[in-house]
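FYI, it's all coordinate maths here, none of it is from the lab. Since we're looking at a predicted model, the values are computed, not measured. Cβ sites come from the backbone with ideal geometry, for glycine too, and all protein chains shown count toward neighbours.
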Amino acid sequence: MLTLEPLRADHADALLAFERENRAYFARSVPDRGDAYFTPEGFAERHRALLDEQHARVCHFHVVLGEEGSLIGRVNLIDVADGGAELGYRIGERAAGRGVATAAVAEVCRLAATDYGLRSLTAVTTLDNPASMTVLARSGFTRVGDTTVAGRPGVRYVRHLARLDSGEQGQCG
């Protein structure tokens, strides 16, 4: 069982430890964040900026917590506008391959439709990240075209969200 929590100020230490622990792992499939991001000062500044964006409701950032409460991933909705947002996620190496990304994406789809009132999500991934392409396909995203991600060949996806009445269970669909 995993839990998604909206990003908070008190997540900073655990999130920085997670990012440092997984830096090399993430750099194999997504662009590296750069050395400054991983310094206490650089990370604190970026964390405050994310919280400001979340407070302004232009983004919805979440941490993914495992059964024991440890931070095992992130899943985010960025650039919220006109009923849509872009989905992004990263799951730590220790939790990879266990369905965590698929479950986290399903939960954020539910939140997007029910709590955030969104109607569609987009996502991009690099062609050399087949695990992410699999997660998106399993989560009901449709491949809509090619793109580049930080100069690397990539794929763009879209997912339309079901409009839900207040009593219905949330889902992508």
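Taking other residues whose beta carbon is less than 9 angstrom from the beta carbon of Val155, and scoring Lys, Arg as +1 and Asp, Glu as -1, yields +1.
Debye-formula intensities of region 1-80, expressed as log10 I(q)/I(0) at q = 0.15 Å⁻¹, are -0.54 (one equal scatterer per alpha-carbon, no solvent).
In this Cβ point-charge picture (+1 for Lys and Arg, -1 for Asp and Glu), the chain has a dipole of about 540 debye about its Cα centre. A cut-off of 5 Å between modelled amide H atoms, ignoring neighbours fewer than 5 places along the same chain, links Ala96 with no other residue.
Taking Lys and Arg as +1 and Asp and Glu as -1, the other residues whose beta-carbon sits under 12 Å from that of Glu53 total +1. 3J(HN,Hα) couplings calculated from phi for region 86-95 with the Karplus curve 6.51 cos²θ - 1.76 cosθ + 1.60 (θ = phi - 60°) are, in sequence order, 9, 8, x, 7, 8, 10, x, 4, 5, 9 Hz; Gly and Pro show x.
What fraction, in whole percent, of alpha-carbon pairs in region 14-173 exceed 29 Å separation? Summing the P(r) of region 14-173 above 29 Å gives 15 percent of all pairs.
Projected label points at Arg28 and Arg98, each 7 Å from Cα along the beta carbon direction, are separated by 1.7 nanometres.
Farthest towards the positive end of the charge dipole of the chain, among the residues Val100, Val124, Gly84, is the Cα of Val124, using unit charges on the Cβ of Lys, Arg, Asp and Glu. Helix screen, the chain: DSSP H segments with Cα axial length of 18 Å or more and mean Kyte-Doolittle hydropathy at least 1.0 are 100-114.
Between amide H atoms placed 1.01 Å from N, distances below 5 Å from Arg156 occur with Val144, Gly145, Asp146, Thr147, all of them 5 or more places distant or on a separate chain.
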